[in-house]
Every structure is written in C-alpha cells, then in structure tokens.
1. Looking at the range 158-175, which of the residues that are touching a strand residue (DSSP E or B) at 6+ places or on another chain (Cβ under 8 Å) and in a loop (DSSP other than H, G, I, E, B) is nearest to residue 245 (Cα to Cα)?
2. Which helices (runs of 4 or more DSSP H) does the range 369-444 wholly contain that include 2 or more residues that are modelled with pLDDT of 95 or more?
3. Being surrounded by 21 or more Cβ atoms within 10 Å (Cβ to Cβ), within 26 Å of the chain's Cα centre (by Cα) and closer than 30 Å to residue 144 by Cβ is the requirement here; does residue 452 meet it?
4. Might you let me know whether the range 91-109 holds any residue that is without any contact (Cβ under 8 Å) to a residue 24 or more places away in the chain, out of contact with any helix residue (DSSP H, G or I) (no Cβ under 8 Å at 6 or more places or on another chain) and assigned by TED's automatic domain parsing to the domain that holds residue 190?
5. In the list 114, 27, which residue meets the criterion of being farther than 25 Å from residue 205 by Cα, in contact with a strand residue (DSSP E or B) (Cβ under 8 Å, 6 or more places away or on another chain) and modelled with pLDDT of 95 or more?
6. Scan 235, 212, 226 and give me the residue that is touching a helix residue (DSSP H, G or I) at 6+ places or on another chain (Cβ under 8 Å), surrounded by 19 or more Cβ atoms within 10 Å (Cβ to Cβ) and touching a residue at least 40 places away in the same chain (Cβ under 8 Å).
7. In the range 348-368, which residue that is assigned to a loop (DSSP other than H, G, I, E, B) and on the phi < 0 side of the Ramachandran plot is surrounded by the most Cβ atoms within 10 Å (Cβ to Cβ)?
8. Counting just the residues of the range 410-440 that are crowded, with 21+ Cβ neighbours inside 10 Å and within 25 Å of the chain's Cα centre (by Cα), which one comes out farthest from residue 373 (Cα to Cα)?
C-alpha cells in the first residue's frame, strides 16, 4: 500500500461529538454554580465554548464565551447569574464554525417571552429549514441548525400561544438528532428526538428539584439522583406545578452506539448499562476474536482503559501502562504549523520506555477514524523500544459518515472507507497485527438488542432517512454556501476576549 494517502487523511484524527447540555430547576438552589459543575463533568463532549443562562422568573441572565468551562466562568461571573432556573451548554461544532455567534445556550425573543435552547445533535434537513425561514424574512445571527430550531419554536409559540403545542408542531419538521434542554422565564424543558440518538437523562435534587443532563456523570457531581432517561420522542416540562411529561412522537429507539464505545464517560449509565462494564466486556470479546502472543497489554489513554483491562483479563497477558497522557493538553487559540501538528501526539502522549523496551505490546484503542493519531502512536511505541506492536480496536472499522452529530460528514476522511482491507490498514499504520471487534461482538458486549442502536458508521444502515443528494458541511449556513463551496472552507478561529 502507498504511504502517501490523500491529504485529507492528515487532518486532526480525534473523533468529536456535538455538545453537552444541562439544566436545573431548583428554587433556593445556586443553580448557576450547579450548572457550572454539571458542565465541567460534561466537558469531554465539547471544548470550543461554554455558556449558562439563568432566570429568576422576571428576567434572564447570561454568560457564554469561547473556551473551556474553567476559562469562561469564575466566581464573579457565576455571581452575576441569579435565579432558580438554569440552562447550560458546552460545545463542539458540527454545524456552524467555532465562532462566538454560535455559542449556546441560544436566546430567542418572542411576543410570548424569551426562549432559551441548548442542543446536542444534528439535523439532516437544515438547508430546507433555512430556505423556508429565509423566505419568511427570518435572519440568523449565527450559522447553526440549533438557531433554526430556536427560531421555529419561538415562531410557533407566538402562533399557538402555548409552548408545548408549539414544540409538538415543530417535532415533525425537525429531521435528525436532537436532545434539547430549554427554558422560559418560568419553565425548564427537555426534549428528545423519537430515535433517541443522543442521550438525555432526568435527575432529582434535594427531593423536589429537577435536573436534565446529557449524561448521568453530570448528576453525580452535584449529588443528584438519577430518576430515569428521557424517552425518545418525550417532552419534559418542569415548573412550579412540578414535573409533567408528554409523548410528542412515537419512539423508535436508535441510540448512537459510539456513546457506548467512546463519547460518554465510563462512569455514566445509558439504557441502564454501566459504560465501564460494557467497554471492559468489549475488550474481553476482542481478545477472544483476535488472540495474540504478547508480553504486555496497554491502553491508549484515556478511553482505551476499560477495554484494555478486559483484553488483559481474557487473554491472561499482563496489563500495564505504556503511554502517559498529559493532563494539560486542552483546546488552544494558537494555530500550529505543520511541524507542530506532527508533534501533536508527542505533546499528548509519552511512552514509558522501561515498560516497553524489548516487549511484544498489545495496544488497545476504542476506534480508528482518520488514522493519523494511531499511526503516530505505533511509531512512538516502536521508537521507545517495543519489539512488536499489535493493535486491537474495540469497535468495527469506521467506514461511513455520520449525519447525526459527529463530525465525520466527509467519507474521504475515513481511513477504513478509503483503505478497504484490514491488511492495508495495518500496513499504513505500521502495526505488526491489527484486529477489530466485530459488530456482533460489540452488540453482545453492550447486552442489548441490535435494534436499539444506530450503527450506521459501521453498516450504512441509517435509521433516520438521509437525503440521497445530501452533501453536508458544518459551514453550510455560512455566507449562504451550500454545500460544495462550504465543504472546502477552512475553519475560522477567533481569539477569546479577555
């Protein structure tokens, strides 16, 4: 196989999810502070921007900015967010550039009052909705499908006079994935698409207060009790009358399987399953499907840990650390040159030479998407003295793009799509052997029926119909570029305000 793969495969290889959402209804609680800690627990879902909006039922208070949660908020900022209702958001962009105008939560004014919306997911009919709103004279402040949804909901609220009815009218028009946390001056709301692609859970705080969050790990940090997951197609409304629920669409569960593999934190629960245990089981089944003679099993930190533990247990090969991850590598506003990009893995990971020298090493990773990082890791280990490097991947080959909230729109970026055989992939990565967990093994590890999941990235079986002519770009709503011109548009950056 040729070493010079297409330039597009040299892009940043880390798989990215859309966002984390969080909301609190708690009279007497410091809701801004609770939301801050909730967003901190969800920081893995997005590192581009963060925001919190609160309400005291008279007015809204807002703080949102580019940067990590810890960069956006401090004590003075939180003190300026009074009230007993809050909505928070931490973002990674899959529609719209990483710009300040696209930070969330979004606030839209209507004759019925302000509506605040925080969104995790991605619509597949964004352009059609944009064209329709534009024909009616609407203009966007930013470039996201989330803002389209907020404007549509606010307009329907004006027409119907009732927000719940308005959302029921919007749901059939929103085609795609969305877990929403919303707020008016007096209410906190949660809404999930009928497929339940992205997670959303409901928690209880101090007896009679409620929390909505992308993952259960965000409940743990504020000592909230998990009540249940919000059902696909379900609307939750929380106000002074308490909590009520309404089914706005028939549920057709198809949770993104990558939440189990990679996105969600291992201390979270989805479908009532421990993600740590599921990932550990993936490693055990991976060892059964692809045995190898080796001296040590090491994870690619941090997401490879549970599967590596499972692999070591099942194979009876000693488990150890071979790569140390820097805890201080975060999003930066400094633009690297090509040499610095090539150094990226060395900045993040340092090999333990004493543990690797002369050893046959099994490296367990959760997935290979674009392949550049994995290739660099293999080289790093061999340079550190490993005699053999055997790659074991706790998911199947990632061959097809995602349109539901993961930034793999362009199939040309996917290594397993361009390089069809596992042997060719192995050669490109420089490993001595390569084994992927089968889709059957993955489903068995989770312990739930195949029909419960979207696994389109492995099989091309998309649960939500994707238009055959859809050419998606995260820049689709920028400067009216749709879609081909935007697909090649470089990512814009902006320095965070002091």
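The values are calculated or read from the model by the stated rules, or taken from the named source; none is laboratory data. All figures in this text were calculated on a predicted structure; none of them were measured in a lab. For neighbour counting, all protein chains shown are included, and Cβ atoms are generated from backbone atoms with ideal geometry for every residue, glycine included.
1. So the residue we want is 174.
2. Details: elements: 372-383, 415-418, 422-429.
Helices (runs of 4 or more DSSP H) meeting the threshold: 372-383, 422-429.
3. Working: surrounded by 21 or more Cβ atoms within 10 Å (Cβ to Cβ): no; within 26 Å of the chain's Cα centre (by Cα): yes; closer than 30 Å to residue 144 by Cβ: yes.
Considered against the rule, which asks whether it is surrounded by 21 or more Cβ atoms within 10 Å (Cβ to Cβ), within 26 Å of the chain's Cα centre (by Cα) and closer than 30 Å to residue 144 by Cβ, residue 452 comes out as no.
4. Of the range 91-109, the ones without any contact (Cβ under 8 Å) to a residue 24 or more places away in the chain are none.
No - not one qualifying residue is present in the range 91-109.
5. Numbers: 27 fails: farther than 25 Å from residue 205 by Cα.
Checking each option against the conditions leaves just 114.
6. Numbers: 212 fails: touching a helix residue (DSSP H, G or I) at 6+ places or on another chain (Cβ under 8 Å); 226 fails: surrounded by 19 or more Cβ atoms within 10 Å (Cβ to Cβ).
So the residue among 235, 212, 226 that is touching a helix residue (DSSP H, G or I) at 6+ places or on another chain (Cβ under 8 Å), surrounded by 19 or more Cβ atoms within 10 Å (Cβ to Cβ) and touching a residue at least 40 places away in the same chain (Cβ under 8 Å) is 235.
7. Within the range 348-368, the first condition is being assigned to a loop (DSSP other than H, G, I, E, B), and the residues that meet it are 352, 357-359, 366-368.
Okay, now just the ones that are also on the phi < 0 side of the Ramachandran plot, so 352, 357, 359, 366-368.
On the way: 352: 14, 357: 12, 359: 21, 366: 27, 367: 21, 368: 24.
Out of the qualifying residues, it is 366.
8. 437
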